[in-house]
1. For Asn204, state whether it is at pLDDT below 80, within 30 Å of Asn99 (Cβ to Cβ) and not assigned by the TED database to the domain that holds Val104.
2. Please state which one of Asn179, Asn211 is under 16 Å from Phe23 (Cα atoms), not β-branched (Val, Ile, Thr) and not assigned by the TED database to the domain that holds Cys60.
3. Those residues that are without any contact (Cβ under 8 Å) to a residue 60 or more places away in the chain and either in a helix (DSSP H, G or I) or under 23 Å from the mean Cα position of the chain (by Cα) (or both), I need them from segment 189-218; list them, please.
4. Of the residues Asp84, Asp130, only one is over 20 Å from Gln178 (Cα atoms) and assigned to a loop (DSSP other than H, G, I, E, B); which?
5. Residue under question is Asp109, and the condition is that it be open to solvent by 60 Å² or more (accessible area, probe 1.4 Å), in contact with a Cys (Cβ under 8 Å, 6 or more places away or on another chain) and assigned to a loop (DSSP other than H, G, I, E, B); does it hold?
6. What are the residues in segment 75-95 that are in contact with a strand residue (DSSP E or B) (Cβ under 6 Å, 6 or more places away or on another chain) and either among the polar types (S, T, N, Q) or open to solvent by 30 Å² or more (accessible area, probe 1.4 Å) (or both), if any?
7. So, Ala139, is that one among the aliphatic types (A, V, I, L, M), in a helix (DSSP H, G or I), open to solvent by less than 30 Å² (accessible area, probe 1.4 Å) and under 25 Å from Asp18 (Cα atoms) or not?
Amino acid sequence: MIVLPSREDKEHPAVDLDLHLPFLCFRSKQILQIITGILMEQRVVFFSADWARLTLVAECFMLYIHPLHWQHPYVPILSAQMLDFVMAPTAFLMGCHLNHFEEVAAETDDLILINIDDGTVSSSCSENVDLPDVPFASAECFTKRRKGLQLQYDLEVCHQGSGADVNEMRMLRRQWQQNLNWEIQKVTLELIVNMFRDVSGHLNYEHRVFNSEEFLKTRELANQPFYKKVHDEVASQIMITIKSTVDSYTQFIHVYPYRSWRHTSFIHS
């Protein structure tokens with residue numbers, strides 16, 4: 001896969017997607033469950049009756065976890081002849097046509113099944129997903145930020161007359177999408193930072209070691225299952241990367257001081 005940097009900020013990939021599409025498909029709870037499943041390197045399968053929607057939504061979630069990266073098999077469109085791939089014992093992210101939902105669910109246990117068309121997240125074992133909840137403060141902040149997003153373009157321009165120039169309307173639509181993408185990138189990046197920002201105080205950068213026991217002692221009891229699961233699944237990969245996450249958030253807010261975000265402050269888990 002070739003990832004091109006953006007002209008505005010070489011540390012961030014160029015984005016040519018409508019990043020708000022998953023926000024139209026899922027509620028905040030489901031978006032957080034999907035992000036959690038990706039961070040914890042689960043076996044994730046997206047489903048939709050629209051082939052194009054599979055890739056678009058999967059790519060959006062890859063950008064939502066930036067600057068962290070998915071490092072496992074990634075096949076957003078899996079043909080009917082390749083359904084056996086979901087039997088792989090390792091972490092993966094794949095996409096299948098909705099017609100194969102029941103077949104894939106019966107193949108193996110412990111799959112995270114995401115129905116894009118219905119906006120639901122379930123497990124191949126049961127209707128409930130066995131993943132720890134995102135820390136409450138981080139989830140609450142994300143939900144609040146999400147509510148502040150204007151996801152419907154028509155509501156933004158309904159005050160304009162129908163006689164507006166077509167080229168001007170196209171330009172306004174592109175500008176609206178670009179600004180919304182920046183907003184969403186800041187919302188998701190803030191989520192990652194809020195979840196892991198205190199990790200840096202427990203890292204030994206010289207030896208690339210993360211003191212997980214000491215870190216867990218500083219977490220609230222209700223949040224410990226989340227952090228323990230993250231550490232058990234991905235060891236120190238996320239932890240070692242997190243300093244760049246905090247730096248990325250700071251740089252992003254500096255480069256894109258859009259609306260009131262320049263005054264945004266971090267919360268503590």
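The values are calculated or read from the model by the stated rules, or taken from the named source; none is laboratory data. Because the structure is a prediction, the values reported are computed rather than measured. Please note: Cβ atoms are built from the backbone with ideal geometry, for glycine as well, and neighbour counts cover all protein chains shown. SASA here: full protein model, heavy atoms, side chains in, ligands and nucleic acids out. Shrake-Rupley method; radii C 1.70, N 1.55, O 1.52, S 1.80 Å.
1. Numbers: at pLDDT below 80: yes; within 30 Å of Asn99 (Cβ to Cβ): no; not assigned by the TED database to the domain that holds Val104: yes.
For Asn204, the condition - at pLDDT below 80, within 30 Å of Asn99 (Cβ to Cβ) and not assigned by the TED database to the domain that holds Val104 - is not met.
2. Details: Asn211 fails: under 16 Å from Phe23 (Cα atoms).
Exactly one residue qualifies, and that residue is Asn179.
3. Initially, segment 189-218 is screened for residues without any contact (Cβ under 8 Å) to a residue 60 or more places away in the chain, giving 196, 199-218.
Phe196, Val199, Ser200, Gly201, His202, Ser212, Glu213, Glu214, Phe215, Leu216, Lys217 - these are the residues of segment 189-218 that are without any contact (Cβ under 8 Å) to a residue 60 or more places away in the chain and either in a helix (DSSP H, G or I) or under 23 Å from the mean Cα position of the chain (by Cα) (or both).
4. Working: Asp84 fails: assigned to a loop (DSSP other than H, G, I, E, B).
Residue meeting the stated conditions: Asp130.
5. Details: open to solvent by 60 Å² or more (accessible area, probe 1.4 Å): yes; in contact with a Cys (Cβ under 8 Å, 6 or more places away or on another chain): yes; assigned to a loop (DSSP other than H, G, I, E, B): yes.
So Asp109 passes the test.
6. Val75, Ile77 - these are the residues of segment 75-95 that are in contact with a strand residue (DSSP E or B) (Cβ under 6 Å, 6 or more places away or on another chain) and either among the polar types (S, T, N, Q) or open to solvent by 30 Å² or more (accessible area, probe 1.4 Å) (or both).
7. Details: among the aliphatic types (A, V, I, L, M): yes; in a helix (DSSP H, G or I): yes; open to solvent by less than 30 Å² (accessible area, probe 1.4 Å): yes; under 25 Å from Asp18 (Cα atoms): yes.
When the stated conditions are applied, Ala139 passes them.
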